[in-house]
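Enquirer: After the structure tokens below, expect a handful of questions from me.
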Amino acid sequence: MTHDERPPGQGVDRGGGSVAGGDLGCEDAMKNVFDYLDGELPPDYSEKVRRHIEMCKRCYPYFNFEQAFLDYLHDRGVKPARSDELEERLRTLLGEVDTEDAEGCD
Amino acid sequence: MSEKREGFEAEALIHLDGLYGLALRFTGGDDAAAQDLVQDTMLKAYRAWDNFQSGTNCRAWLTTILRNTFINDLRRRQKRPVPVEFDEVAERPIYPQLRETDPEGRFFERIVDEEVIRAIEELPEDFRVPVVLADLEGLGYQEISEILEIPVGTVKSRLFRARRRLQQRLYSYAVEMGYIRGE
Ligand SMILES: [Zn+2]
């Protein structure tokens with residue numbers, strides 16, 4: 001197994017030593033994958049991660065994978081649901097509020 | 001029909017199906033609870049309709065009411081939440097298994113919507129709610145931390161673990177369905 005074929009988070013240089021480009025190691029980059037993809041890192045640190053993954057053939061596909069997962073979750077997780085029964089009940093209740101309002105005006 | 005009612009139907013009621021879908025995610029698929037939640041939301045919105053600026057984002061407004069209503073109920077019935085135990089197998093990353101065969105995660109796209117929805121709904125509540133807020137609604141860590149009254153670090157770790165669980169679950173499903181080769 002060459003250096004570049006190790007799965008993330010395993011056998012990576014401890015202490016975040018730099019593997020490729022920038023002053024950030026694979027371990028530091030991978031540890032922050034969700035913070036980075038969620039846009040939650042401080043701007044200068046985020047920039048360091050960006051520079052690292054651009055140059056690193058181990059981290060780049062990994063970050064892509066996690067991004068694909070988050071996109072998928074966002075696209076498929078919110079699905080409208082339909083209930084005629086709910087709509088009907090709601091219309092009745094809105095009607096009751098209308099009646100209350102009308103009576104309040106008298 | 002009153003002018004108020006007409007406006008409400010045209011601008012708010014059209015979001016009913018979207019809100020109901022979101023409510024089901026929040027309640028973990030509990031249909032009765034989801035319907036109650038949507039009903040409460042719509043009635044609150046209708047009573048406050050005079051204050052709503054026509055033309056502004058009605059869906060976002062309704063979503064905020066729904067979320068606040070849900071969180072308030074949640075707080076009321078939650079005593080001491082039992083921390084979700086760490087599950088080494090369920091929370092393992094799946095990328096190492098896929099880096100040779102599907103590094104782009106194409107298998108996700110083959111999974112039917114019902115399966116990801118079920119996966120979200122079956123997460124423990126402590127994990128599910130942050131996922132709905134972050135991954136479905138797109139809120140930031142700080143905002144979620146304030147809404148749920150938990151530290152930002154807790155939001156992060158719950159999100160992290162919840163996402164790992166979702167991945168593992170979708171991965172197992174995809175292996176079962178023969179979309180990817182298991183190991
Ligand atoms: Zn790297």
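Enquirer: Evaluate segment B:146-155: report whether one residue or more is open to solvent by less than 10 Å² (accessible area, probe 1.4 Å) and over 17 Å from B:Arg25 (Cβ atoms).
Expert: Step one: filter segment B:146-155 for residues open to solvent by less than 10 Å² (accessible area, probe 1.4 Å), giving B:155.
This time we only want the ones that are over 17 Å from B:Arg25 (Cβ atoms), so: B:155.
Yes, segment B:146-155 contains at least one residue that is open to solvent by less than 10 Å² (accessible area, probe 1.4 Å) and over 17 Å from B:Arg25 (Cβ atoms).
Enquirer: Identify the residue in segment A:59-88 that is away from the ligand (no atom under 11 Å from the Cβ) and more than 7 Å from chain B (Cβ to nearest Cβ) and, among all such residues, is modelled with the lowest pLDDT.
Expert: Filtering segment A:59-88 for residues away from the ligand (no atom under 11 Å from the Cβ) gives A:64-88.
From the residues that got through so far, the ones that are more than 7 Å from chain B (Cβ to nearest Cβ) too are A:66-67, A:71, A:75, A:84-85, A:88.
Details: A:Glu66: 97, A:Gln67: 97, A:Asp71: 95, A:Asp75: 91, A:Asp84: 96, A:Glu85: 96, A:Glu88: 96.
Looking at the filtered set, the residue picked out is A:Asp75.
Enquirer: Of these, B:Arg181, B:Arg161, which one is within 25 Å of A:Glu40 (Cα to Cα) and either assigned to a helix (DSSP H, G or I) or open to solvent by 60 Å² or more (accessible area, probe 1.4 Å) (or both)?
Expert: Working: B:Arg181 fails: within 25 Å of A:Glu40 (Cα to Cα).
When all the criteria are applied, what remains is B:Arg161.
Enquirer: Scanning for something under 21 Å from A:Val33 (Cα atoms), of a type in the set (Gly, Ala, Ser), part of a helix (DSSP H, G or I) and not assigned by TED's automatic domain parsing to the domain that holds B:Thr27, does segment B:145-154 turn up at least one residue? Walk me through how you get there before you give the answer.
Expert: Pass one, segment B:145-154, residues under 21 Å from A:Val33 (Cα atoms): B:145, B:151-154.
Then keep just the ones that are of a type in the set (Gly, Ala, Ser); that gives B:145, B:153.
In the following step, the residues that additionally are part of a helix (DSSP H, G or I) were identified as B:145, B:153.
Imposing the further condition that a residue be not assigned by TED's automatic domain parsing to the domain that holds B:Thr27 reduces the set to B:145, B:153.
The answer is yes, given that some residue of segment B:145-154 is under 21 Å from A:Val33 (Cα atoms), of a type in the set (Gly, Ala, Ser), part of a helix (DSSP H, G or I) and not assigned by TED's automatic domain parsing to the domain that holds B:Thr27.
Enquirer: Within 11 Å of chain A (Cβ to nearest Cβ), surrounded by 16 or more Cβ atoms within 10 Å (Cβ to Cβ) and under 17 Å from A:Ala81 (Cβ atoms), is that true of B:Ala45?
Expert: On the way: within 11 Å of chain A (Cβ to nearest Cβ): yes; surrounded by 16 or more Cβ atoms within 10 Å (Cβ to Cβ): yes; under 17 Å from A:Ala81 (Cβ atoms): no.
So B:Ala45 fails the test.
Enquirer: Given B:Pro93, B:Pro83, which one is facing another protein chain (nearest Cβ under 9 Å) and under 25 Å from B:Leu159 (Cβ atoms)? So that I can check it myself, show each step before the final result.
Expert: Working: B:Pro83 fails: facing another protein chain (nearest Cβ under 9 Å).
Sole residue among the options that is facing another protein chain (nearest Cβ under 9 Å) and under 25 Å from B:Leu159 (Cβ atoms): B:Pro93.
Enquirer: Has segment B:121-139 got at least one residue that is part of a helix (DSSP H, G or I), at the interface with chain A (Cβ under 9 Å from one of its Cβ atoms) and among the charged types (D, E, K, R)?
Expert: From segment B:121-139, those part of a helix (DSSP H, G or I) are B:121, B:125-136; that's our starting set.
Add one more test, that the residue is at the interface with chain A (Cβ under 9 Å from one of its Cβ atoms), and what stays is B:131-132, B:134-136.
Narrowing the set further to residues that are among the charged types (D, E, K, R) leaves B:135.
Yes, that holds for at least one residue.
Enquirer: Would you pick out the residues in segment A:29-58 that are open to solvent by less than 50 Å² (accessible area, probe 1.4 Å), near the ligand (Cβ under 10 Å from one of its atoms) and away from chain B (no Cβ under 13 Å)?
Expert: The answer is A:Ala29, A:Val49, A:His52, A:Ile53, A:Cys56.
Enquirer: Now a separate question. Out of curiosity, is B:Asn57 open to solvent by 80 Å² or more (accessible area, probe 1.4 Å) and free of Cβ contacts under 8 Å to residues at least 24 places away in the same chain? Steps first, please.
Expert: Working: open to solvent by 80 Å² or more (accessible area, probe 1.4 Å): yes; free of Cβ contacts under 8 Å to residues at least 24 places away in the same chain: yes.
Yes.
The values are calculated or read from the model by the stated rules, or taken from the named source; none is laboratory data. From a predicted model like this one, the values you see are computed outputs, not experimental measurements. Methodologically, a virtual Cβ is constructed for each residue, glycine included, from the backbone with ideal geometry; neighbour enumeration extends over all protein chains shown. Heads up: the accessible areas ignore ligands, DNA and RNA and are worked out on the full protein's heavy atoms, side chains in. Shrake-Rupley method; radii C 1.70, N 1.55, O 1.52, S 1.80 Å.
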